[in-house]
Amino acid sequence: MTFLDALKDAGCVAVLRSRSAADAITTAQALVEAGIRGIELTFSTPDVLTAVDRLRTELPDDVLVGLGTVTRPSQVRDAVAAGAGFLVSPGTPPELGRALADGGVPFLAGALTPGEVMAAAAYGPAAVKLFPASAFGPGYLKALRGPFPDLPIVPTGGIGPDNAADWIRAGAPAVGAGGSLAPPDAGPASLDRARETATALLARIRTARTTPTGAPA
């Protein structure tokens, strides 16, 4: 199975911006218990490389564990050395694009405008990350599918159970969900809400994939 196939099967990548590596580990474990199979830790989390190293060995083999908010070539090297299974950038300036392409692991290259999408795609990503997706909405992704029908585009930003189905029906192979899904802390109440949100979000994605466009979700 290719990385893109696994990403499609997962349907959702949880983007964790945790307050600590320990919170990231606990939150990831809770989300995986709820059915999430894509975990994107972020460089905005303190000591995140420690969390990556632990999760890649402690989580089930079918869970994708990657590192996002990659903004510098040095972070590409650090993430790969820590065992990240994939990388995600919010944007794709040339120096970073080249580093991602040479990193040796699948990556999602960040873009927003059509020109940025074309530039990001030139580096050979597994998919382009549309960010911030909430700036334009699912209709924008559907429009991008016109000139880029064969390019996988994964929207991230402002996505949750209420609109995930709209993005899938617009052509997204998967979605990235951050604040609506993954809390910054790992308190019991926050983890309970995260599990509930994950269950609802995955159910909406499954429904969107089996319900014709225009039918009630």
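What is the sum of charges, Lys and Arg at +1 and Asp and Glu at -1, for the other residues whose Cβ falls under 13 Å from the Cβ of residue 12? Cβ neighbours under 13 Å give a net charge of +3. Taking the protein heavy atoms of the chain in the context of the full set of protein chains, the accessible area attributed to carbon and sulfur is 54 percent at 1.4 Å. One chain, two ends: residue 134 and residue 4. Fully extended at 0.36 nm per residue, the span grows by 44.5 nm beyond their Cα-Cα distance.
Size descriptors for segment 46-154, from the alpha-carbon set: Rg then Dmax equal 14.4, 41 Å. Between the C-alpha center of segment 24-48 and that of segment 157-208 there is a gap of 13 Å. In the elastic network of the chain, a GNM with C-alpha springs shorter than 10 Å, the most mobile of 21, 111, 143 is 143. Positive contributions from Lys and Arg (+1) and negative ones from Asp and Glu (-1), summed over other residues with Cβ under 12 Å from the Cβ of residue 103, come out at 0. Sorting 47, 53 by accessible area puts them as 47, 53; the probe is 1.4 Å, largest comes first, and only protein heavy atoms count. Coordinate range of the alpha-carbon atoms in the chain per principal axis, descending: 42, 40, 32 Å. In the context of the full set of protein chains, residues of the chain present 42 Å² of accessible surface per residue (probe radius 1.4 Å, heavy atoms only). Return, ordered by residue number, the residues of segment 160-199 whose backbone nitrogen is under 20 Å from a label point located 7 Å along Cα→Cβ of residue 33. Correct set: 180-199.
The values are calculated or read from the model by the stated rules, or taken from the named source; none is laboratory data. Remember, it's a predicted structure, so these values are computed and weren't measured experimentally. As a convention, Cβ positions derive from the backbone with ideal geometry for all residues, glycine included, and neighbour counts pool all protein chains shown. Ligands, DNA and RNA are excluded from the accessible area calculation, which covers all protein heavy atoms including side chains. Shrake-Rupley method; radii C 1.70, N 1.55, O 1.52, S 1.80 Å.
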